[in-house]
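What follows is a short report on a single structure.
Taken together, the values in this text are just the output of simple stated rules run on the coordinates, not laboratory data. Predicted model, so just to flag it, every value in this text is computed and none were measured. Quick reminder, even Gly has a Cβ in these numbers, built from the backbone with ideal geometry, and neighbours come from all protein chains shown.
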Amino acid sequence: MSEQKKTDKDILQSPKGMRDFFDDSFYAKQGFIHTAENIAEYYGFSGIETPILEHTEIFAKGVGENTDIVEKEMYSLETRGGDRLTLRPEGTAGVMRSYIEHGMGSQPQPVMYHYSGPFFRHDKPQKGRYRQLYQFGLEIIGSQKPEYDVLIIQTGYRILKETGKDIVVKINSLGDSEVRKNYLEKLIDYYKKYENEISNKDRGRLETNPLRVLDSKEPETKKVNQNAPTCVGNLNESSKQHFDTVLAGLDQAGIRYEIDHTLVRGLDYYSHTVFEFVVYDDNGNPSHALGGGGRYDGLAKTMGHNKDIPAVGLGLGIDRTIETALPETFIPEYKKTPDFYFIQLGDELSVASFPLRELLCAYNIPVRFAQGKNNLGTQLGIAESLEIPYALIFGENEAKTQSVIVRTMKTREQETVSFDNIITYCQSLKKGVE
Ligand code: HAM
């Protein structure tokens with residue numbers, strides 16, 4: 001495809017659906033990741049980081065050729081060496097690839113990982129939908145026990161509760177491969193009867209991905225879906241037992257859930273449990289999913305491994321979650337609010353002020369430095385607008401006497417303090433601020 005000619009103005013904008021994080025949005029994202037990692041570590045997960053690029057087949061085979069992600073949304077490239085690589089649209093396939101590559105199956109099972117980072121989907125951008133999106137993910141690989149489905153949901157729920165919102169889990173079961181095969185036949189038979197009543201788009205999907213017709217947003221299809229056969233109503237004994245254990249676990253854990261027979265998720269690798277987290281607005285409408293996941297026992301084999309590896313996981317949408325949370329809910333611990341605004345008068349003093357800066361930083365006193373603006377009044381004005389409670393003023397006299405003026409911004413009181421005493425002095429003022 002030929003590239004459209006871009007003006008300089010176009011080039012100085014971030015690419016469509018991609019954005020910058022700075023100031024509050026930067027700290028909210030980092031703060032959420034820290035909170036989520038902290039909770040996940042308590043639940044027994046440890047960290048993993050996989051590459052942002054993987055071989056295209058990992059996603060084409062793993063996520064599924066007929067999914068929206070693989071059909072329309074992947075950013076793929078050919079390297080100079082001729083490899084076809086894709087910017088990861090999701091994290092599960094890469095973590096499973098890593099599990100297989102590093103023979104993690106020989107460790108005590110299951111292994112449990114958390115991860116976070118950017119993912120890429122060439123979707124139509126809108127509020128809550130980005131082309132570079134961020135996820136926090138959890139994967140438990142190596143066990144088919146339903147108790148791990150509960151653990152995944154419980155950990156995700158606990159993390160999302162930190163938003164301060166009422167989180168609801170929507171849940172469904174797609175059963176094992178036998179159930180799915182029989183169910184798909186039943187579903188297709190059902191839709192055949194109503195072929196003229198569903199939307200054009202869904203008629204096409206009937207051929208390629210009939211399960212997706214079930215969670216169609218098209219009004220005419222939604223009507224037909226009301227009486228469609230449910231997968232939960234068609235589970236075999238072992239799949240039913242699996243699902244019942246998951247629901248009993250959620251009841252025990254006090255997690256609010258709703259069975260949603262139309263929930264199938266947009267990725268092909270799921271079996272048994274699938275779920276999404278939503279919040280409801282005041283009119284009772286559910287939000288975009290804040291996260292979702294499920295069991296993916298067949299993924300390893302579809303990706304080309306010689307046997308199935310049972311696993312379950314989730315992905316939380318960081319963009320949507322921080323947009324849903326109240327402001328200042330997520331702030332990383334390392335974020336510093338400076339208590340002191342360091343004003344140095346005259347450029348020739350800049351070298352003389354270095355030892356003092358070193359001293360303050362060495363004693364963990366957060367300071368904002370103002371370099372080379374000579375007018376004291378202007379500088380104090382900046383300190384005031386930044387709401388920094390104290391100013392440290394360093395002029396020619398102070399350089400000579402190895403001291404600094406400490407000014408309390410509110411009362412305008414000032415005191416000259418020697419370098420020898422400045423740390424104890426600042427520490428006592430800082431205590432007053434806290
Ligand atoms: P997913 O449902 O495709 O699942 O994505 C998980 C979450 O990422 C969504 O619920 C949503 O909050 C967020 N998300 C997805 N696309 C966008 C977008 N374009 N813009 C903003 N946020 C978005 C997965 O990716 C699976 N890997 C989850 C999983 C892990 N299943 C098993 N293990």
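Shown here is the pair-distance distribution of region 162-313: with all Cα-Cα distances grouped in 10 Å bins from zero up to the longest one, the shares run 10, 37, 35, 16, 1 percent. Taken about its Cα centre, region 233-318 carries a charge dipole of roughly 360 debye when the Cβ of each Lys and Arg holds +1 and the Cβ of each Asp and Glu holds -1.
Candidate cross-link partners of Lys6 among the lysines, defined by an alpha-carbon separation under 21 Å and a same-chain spacing of 8 or more, comprise Lys16, Lys124.
All Cα-Cα distances of region 1-79, cut into 5 Å bins from zero to the largest, leave 3, 10, 11, 12, 15, 20, 17, 8, 3, 2, 0 percent in each bin in turn.
Working from the Cα coordinates of region 238-295, the gyration tensor eigenvalues give, after taking √(5λ), semi-axes of 21, 16, 9 Å in decreasing order.
Remark: the Asn196-Phe22 segment gains 57.6 nm on full extension, using 0.36 nm per residue and subtracting the alpha carbon distance. If you plug the beta carbon distance of Glu348 and Arg129 into 1/(1 + (r/R0)^6) with R0 = 60 Å, you get a FRET efficiency near 0.65. The fraction of Cα-Cα pairs per 10 angstrom bin, counted from 0 for the chain, comes to 4, 17, 23, 20, 14, 11, 8, 3, 1, 0 percent, rounded to whole percents. Annotation: extensible slack from Thr7 through Glu41 equals 7.5 nm (criterion: 0.36 nm per residue apart, minus Cα-Cα distance).
One decimal place: the segment His55-Asn306 gains 88.5 nm when fully extended, by the rule 0.36 nm per residue minus the C-alpha distance.
Put in order of Cβ neighbour count within 10 Å, fewest first, the listed residues His55, His34 become His55, His34. Our analysis of region 67-191 gives Rg over Rh at 1.01, with the two radii drawn from alpha carbon positions and Rh computed by the Kirkwood formula. Measuring gaps between exposed loop sites in the chain (chymotrypsin sites (Phe, Trp or Tyr not before Pro); DSSP loop; at most 10 other Cβ atoms within 10 Å), the longest gap, sites not included, is 23-333. If one takes the longest principal axis of the Cα atoms in the chain, at what angle in degrees, from 0 to 90 and to the nearest 10, does the Cα axis of helix 92-101 lie? Around 90 degrees separate the two axes. For Thr273, nonlocal amide neighbours, meaning residues 5 or more places apart or on other chains whose placed amide H falls under 5 Å from its own, are Leu174, Arg295.
Counting neighbouring beta carbons within 10 Å and listing from fewest to most, the residues Asp176, Asp83, Asp8 come out as Asp8, Asp83, Asp176. Here region 177-252 is assigned +1 on the Cβ of each Lys and Arg and -1 on the Cβ of each Asp and Glu. Its dipole about the Cα centre then comes out at about 240 debye.
Only DSSP H runs of four or more residues enter the estimate; each adds -39500 (n - 2.57), and after division by the residues of the chain the mean residue ellipticity at 222 nm equals -11500 deg cm²/dmol. Per-residue 3J(HN,Hα) values for region 214-223, derived from phi via the Karplus relation 6.51 cos²θ - 1.76 cosθ + 1.60 with θ = phi - 60°, read 5, 9, 4, 9, 6, x, 5, 5, 4, 4 Hz in sequence order (x marks Gly and Pro). Listing Thr50, Thr208 from fewest to most neighbouring C-beta atoms within 10 Å gives Thr208, Thr50.
Kirkwood Rh over alpha-carbon pairs of region 227-341, then Stokes-Einstein at 37 °C and 0.692 mPa s: what D in µm² s⁻¹, rounded to an integer? Estimated via Stokes-Einstein, D reaches 189 µm²/s. Relative to the longest principal axis of the Cα atoms of the chain, the long axis of helix 350-362 makes an angle of roughly 50 degrees. Taking every alpha-carbon pair within region 266-412, the share separated by more than 18 Å comes to 71 percent.
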